[in-house]
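Asker: Got a structure for you, written out below as structure tokens; questions coming shortly.
Every number here is computed from the coordinates shown, using simple stated rules; none is lab data. Here the structure is a predicted model, which means the values were calculated and not measured. When we count neighbours, we look across all protein chains shown, and the Cβ atoms used for this are built from the backbone with ideal geometry, even at glycine.
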Amino acid sequence: MKMKEKMEQLAGTMKRWQKLENAAIAQTARIMEESEHPLIRAIMEIIKNDSENHYRIQQLIIDSVEKEYINVFTDDMEKCWSSIEKHIALEKKTIEMAAESLAALEGSKNVVQLYLLDYLRMDEEKHDKMLSDLGRIQKAMYP
């Protein structure tokens, strides 16, 4: 399979995936209507927001294939890299705070708080990785 065919297949997969994300958004909204419980509503809202973000990222992938306008330029990265590095430092601090909070509850039966803190820790670690990976993208494109 040639690269053009692979990219067309990728765009098609992203479009089908977007339909699933739309279904997830609708389903989380229905669940939120069915429940007044703050934990259930918060989790559904997180999933709904994540699905909306996934949809946007999938569209970015589609656009990068069909319109080919997404490029990373050294100048763009250079302009904001010091700010990104500062944000990476903030993310590392939030990861430390999540670990500290989890450690404070270690051995407890506070399952809801542990569940939510673990979610926050994972999300902060995801942010840290995403920002760090920007640097790897830049180095791979412009060694």
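Asker: Pick from Glu45, Glu106, Glu124 the residue whose mean-square fluctuation is largest in a GNM of the chain, springs joining Cα atoms under 10 Å.
Answerer: Evaluated over the chain, the most mobile residue of the options is Glu106.
Asker: Determine the distance separating the Cα centre of the stretch 78-143 from the Cα centre of the stretch 1-70; give it in Å without decimals.
Answerer: The two parts, judged by their Cα centres, are 23 Å apart.
Asker: Quick one: compute the contact order of the stretch 72-143, relative version, from alpha carbon pairs under 8 angstrom and 6+ residues apart, as a percent.
Answerer: 49
Asker: If you take the C-alpha gyration tensor of the chain, multiply each eigenvalue by 5 and take the square root, what semi-axes do you get, largest first, in whole Å?
Answerer: 33, 26, 11
Asker: A follow-up question, please. Please give me, ordered by residue number, the chymotrypsin sites (Phe, Trp or Tyr not before Pro) of the stretch 27-127 that lie in loop per DSSP and have at most 12 other Cβ atoms within 10 Å.
Answerer: Taking the stretch 27-127 and a limit of 12 other Cβ atoms within 10 Å, the loop chymotrypsin sites (Phe, Trp or Tyr not before Pro) found are Tyr69, Phe73.
Asker: Report the local net charge at Gln27: Lys and Arg +1, Asp and Glu -1, summed over other residues whose C-beta lies under 12 Å from its C-beta.
Answerer: Within the 12 Å Cβ shell, the charges total -1.
Asker: Here's something else I'd like to know. Within the stretch 26-51, find all residues whose amide N lies under 16 Å from a label point positioned 7 Å from the Cα of Trp17 along Cα-to-beta-carbon.
Answerer: Once the point is set 7 Å along Cα→Cβ of Trp17, 50-51 turn out to lie under 16 Å by backbone N, inside the stretch 26-51.
Asker: Tell me which of Ser51, Ile137, Gln113 sits at the most positive position along the dipole axis of the chain, charges placed on C-beta atoms (Lys, Arg +1; Asp, Glu -1).
Answerer: Comparing the listed Cα positions along the dipole, Ile137 ranks first.
Asker: Could you give the nm distance between label points at Glu106 and Asp75, where each point is 7 Å from its Cα heading toward the beta carbon?
Answerer: 5.1
Asker: Assign unit charges at the C-beta atoms only (+1 for Lys and Arg, -1 for Asp and Glu), then state the dipole size of the chain relative to its Cα centre in Debye, rounded to the nearest 20.
Answerer: So the dipole magnitude of the chain works out to roughly 440 debye.
Asker: Of Lys19/Lys129; Lys2/Lys139; Lys48/Lys126; Lys6/Lys139, which ones are farther than 20 Å apart at the Cα?
Answerer: Over 20 Å apart, Cα to Cα: Lys19/Lys129; Lys2/Lys139; Lys6/Lys139.
Asker: Between Ala42 and Glu96, what FRET efficiency comes out of the Förster formula 1/(1 + (r/R0)^6) with R0 = 25 Å and r the beta carbon distance, rounded to 0.05?
Answerer: Once the sixth-power term is evaluated, E becomes 0.60.
Asker: Sticking with this structure for a sec: Counting only C-alpha contacts under 8 Å and six or more residues apart, can you give the relative contact order of the chain as a whole percent?
Answerer: 23
Asker: Calculated from DSSP H runs of 4 or more alone, at -39500 (n - 2.57) each and per residue, what is the 222 nm mean residue ellipticity of the chain, nearest 500?
Answerer: For the chain, the value works out to -31000 deg cm²/dmol.
Asker: Here is a follow-up. Can you give me the distance in nm between label points at Glu8 and Asp50, each placed 7 Å from the Cα along the Cα-to-Cβ direction?
Answerer: 3.4
Asker: Between Ser82 and Gln27, what is the spin-label point distance in nm, taking each point 7 Å from the Cα along the Cα→C-beta axis?
Answerer: 4.7
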